[in-house]
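A short worksheet on the structure shown next.
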Amino acid sequence: MSSEEKAETGNNESNRIDLDNILKDEVGQFGRYQIITVLLAALPVIFSAFASGEYIFTTARIPTRCLIPDCDGENPEYAPSWVLNAIPGTSNTSFENCIRYQDSPQRNVTLTEVCPADWFDSTQTVSCEDHVYENTLSVVYDFKMACDEWRRSQIGSIRTIGTLLVLPITGFISDRWGRRVALTLNAFNTGWLGLARSFVNSYEWFLALEVIESTIGAGAYSSCYILVTELVGPKYRVIVGATMSTMFALGQVFLGLIAWGIPTWRTLTQVIYAPQLLVVSYFWILSESVRWLMSRDRYEEAESVLKKVAKINKKELSENSLRALRKSAEEEKNIKKPEEPWLVVLVLRSKIILLRCCVSPIWWITNTLVYYGMSINAVNLSGNRYLNYVYVAAIEIPGYWTAILLLNRIGRKPVLIGAYFLCAACQFTFAFLPDDMYALSLTVYLLGKYAIAVVMTSVYVYTAELFPTKYRHSLFAFSSMVGRLGSIMAPLTPSLASEVWSSLPSVLFGSFALLSGLLIFTTPETLGTKLPNTIEEAEQLSSRKMKS
């Protein structure tokens, strides 16, 4: 029965229609209009990838050595022929970055050799008082952070705290003033704050602008995601979501290539942020979400957008369906909802739901820790750091679509358990591979990133299916918010590698992935079950299948 036929047959609840009916029966679930909108939304998503990953290059570690005042001139060379006389090392390309030999108390000043070995006591070392940098490409040089690894790494961690704060801020703006406003405001804030950061000359201002930018500008991706998924029919929402993730991965690929071509941090920052100011035009180019317009009682505007969708998709939209849609929306709002206890109380009363609220945040912490940690550490692998970053970003794309292909065929739990265990195996293998096996190490590393990309797509679907409709958004958001702890920890892992043990990040990633895979066994399979509407139905997922 079409939406128009439903509208004409009566006013009972079974004939009530919603926007999904209109999309499926009349204007099209995924026609030319939706394709154009997805393509337009792809640009801000790619820009979001630029903003989320640029600090990996702009704050990248620079090889350094101690400045030797008696040997270095006005323009010191990073790796001079005499370097091993003054600094511990094994070759002219491999020596200590932060210590030097202590000056010898007795020197033969009549020697003609430049910086001879007997000027230094090779049995004792001291810390550098000043440094010579191999290059001037990142903020490490400008802000003199040669051997201050933790100060450098905390830029990424503190920036990530801003991405935690942006979620409720963007959510409020999006629900109050619309998806377009949230999108354009976030994109504009990202653009101008990123440009401003490229001109600062102090570590404190650089750090402050990183945090401010992510706090009021990092919500463009979520705004685009919601805008496009609210516009397509139910059949295509998962595919469109995977498409947005793919665009984000492509943005990371482009970022790596741009950084390779423009390695100087100030110029790189300006090149990737300036175009983001153009997204302000999306306020006039994109149509507002029909669902949001209806939620704000702006029915005339919602109907105008639907007519535009039907026209571009070359479909017919009846006036009867529009009237029925408006009536259904008004009736839904007039339904009185009974008062219920606080959600926290309801969760504590249900051991099953409480268990899920305890284990699902661990999955999310693992996802963000491993996903972002592997991207950040990619630039420290052997070989070309820019290409390594590109490879690690590109491998996500087949991971996203593998999840889409398998989730409805073999089930949610087998996909998640298999991907987590594969990721763990790759991490432990990579941790103990010899350094000279570059090709094998890179292959194992990429396979681990592929596995966590499969998890990233699957866990969105699975987490949502474990909780009841009435509280799904709140409980899902709780898991996601706690999961941000992983992305806050991820930028610190390169420091753990350099200061504690080079393989520690991989062992940490593998341990979390193994734990998360085991925790999946404590929750039920949801393939072939209907979405639970109440807490009781969600509990029954553990004991019996709820047939679709």
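Applying the set (1) small (Gly, Ala, Ser); (2) open to solvent by 80 Å² or more (accessible area, probe 1.4 Å); (3) in contact with a strand residue (DSSP E or B) (Cβ under 8 Å, 6 or more places away or on another chain) to SER81 leaves exactly one unmet item: (3).
Of the residues making up region 422-473, those that are under 19 Å from THR229 (Cα atoms) and open to solvent by 70 Å² or more (accessible area, probe 1.4 Å) are TYR460, HIS473.
Just for region 113-125: of the residues that are open to solvent by less than 50 Å² (accessible area, probe 1.4 Å) and not in a helix (DSSP H, G or I), which one is nearest to TRP265 (Cα to Cα)? Among those that are open to solvent by less than 50 Å² (accessible area, probe 1.4 Å) and not in a helix (DSSP H, G or I), it is CYS115. Every test in (1) within 30 Å of ALA538 (Cβ to Cβ); (2) at pLDDT below 95 is passed by ALA378 save one, and that test is (1). In region 135-157, the qualifying residues are those that are in a helix (DSSP H, G or I) and buried (at least 20 other Cβ atoms within 10 Å of the Cβ), and the one that is nearest to the chain's Cα centre (by Cα) is GLY156. The lone criterion from (1) within 25 Å of LYS24 (Cβ to Cβ); (2) free of Cβ contacts under 8 Å to residues at least 60 places away in the same chain left unmet by GLY233 is number (2).
Within region 492-503, the set of residues being open to solvent by 50 Å² or more (accessible area, probe 1.4 Å) and either under 19 Å from ASP435 (Cα atoms) or among the acidic types (Asp, Glu) (or both) comprises SER498, GLU499, VAL500, TRP501, SER502.
Restricting to region 85-97, name every residue that is open to solvent by 10 Å² or more (accessible area, probe 1.4 Å) and either closer than 21 Å to PHE188 by Cα or free of Cβ contacts under 8 Å to residues at least 24 places away in the same chain (or both). GLY89, THR90, SER91, ASN92, THR93, SER94 - these are the residues of region 85-97 that are open to solvent by 10 Å² or more (accessible area, probe 1.4 Å) and either closer than 21 Å to PHE188 by Cα or free of Cβ contacts under 8 Å to residues at least 24 places away in the same chain (or both). Scanning region 393-412 for residues that are in contact with a Phe, Trp or Tyr (Cβ under 7 Å, 6 or more places away or on another chain) and in a helix (DSSP H, G or I) yields PRO398, GLY399, ARG412.
Yes/no matrix, rows are residues, columns are (1) within 41 Å of the chain's Cα centre (by Cα); (2) at pLDDT below 85; (3) among the β-branched types (Val, Ile, Thr):
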| position | (1), (2), (3) |
| --- | --- |
| ASN12 | no, yes, no |
| ALA51 | yes, no, no |
| THR58 | yes, no, yes |
| ARG61 | yes, no, no |
| CYS71 | no, no, no |
| VAL83 | no, no, yes |
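Within region 57-78, work out how many residues are without any contact (Cβ under 8 Å) to a residue 60 or more places away in the chain, open to solvent by less than 60 Å² (accessible area, probe 1.4 Å) and more than 23 Å from SER495 (Cβ to Cβ). Of the residues in region 57-78, 4 are without any contact (Cβ under 8 Å) to a residue 60 or more places away in the chain, open to solvent by less than 60 Å² (accessible area, probe 1.4 Å) and more than 23 Å from SER495 (Cβ to Cβ). A count restricted to region 515-534 and to residues that are assigned to a helix (DSSP H, G or I) and buried (at least 18 other Cβ atoms within 10 Å of the Cβ) stands at 4. Being buried (at least 16 other Cβ atoms within 10 Å of the Cβ) and among the β-branched types (Val, Ile, Thr) is the filter; apply it to region 233-263 and report the residue that is modelled with the lowest pLDDT. In this case the residue turns out to be VAL238. Is one or more of the residues making up region 302-323 touching a helix residue (DSSP H, G or I) at 6+ places or on another chain (Cβ under 6 Å), closer than 25 Å to LEU185 by Cβ, open to solvent by less than 10 Å² (accessible area, probe 1.4 Å) and not in a loop (DSSP other than H, G, I, E, B)? Yes.
The values are calculated or read from the model by the stated rules, or taken from the named source; none is laboratory data. If you're wondering where the values come from, they're calculated on a predicted model, not measured in any experiment. Because the Cβ atoms are built from the backbone with ideal geometry, glycine has one as well, and the counts that use them run over all protein chains shown. Accessible surface areas use protein heavy atoms only, side chains included; no ligands, DNA or RNA. Shrake-Rupley method; radii C 1.70, N 1.55, O 1.52, S 1.80 Å.
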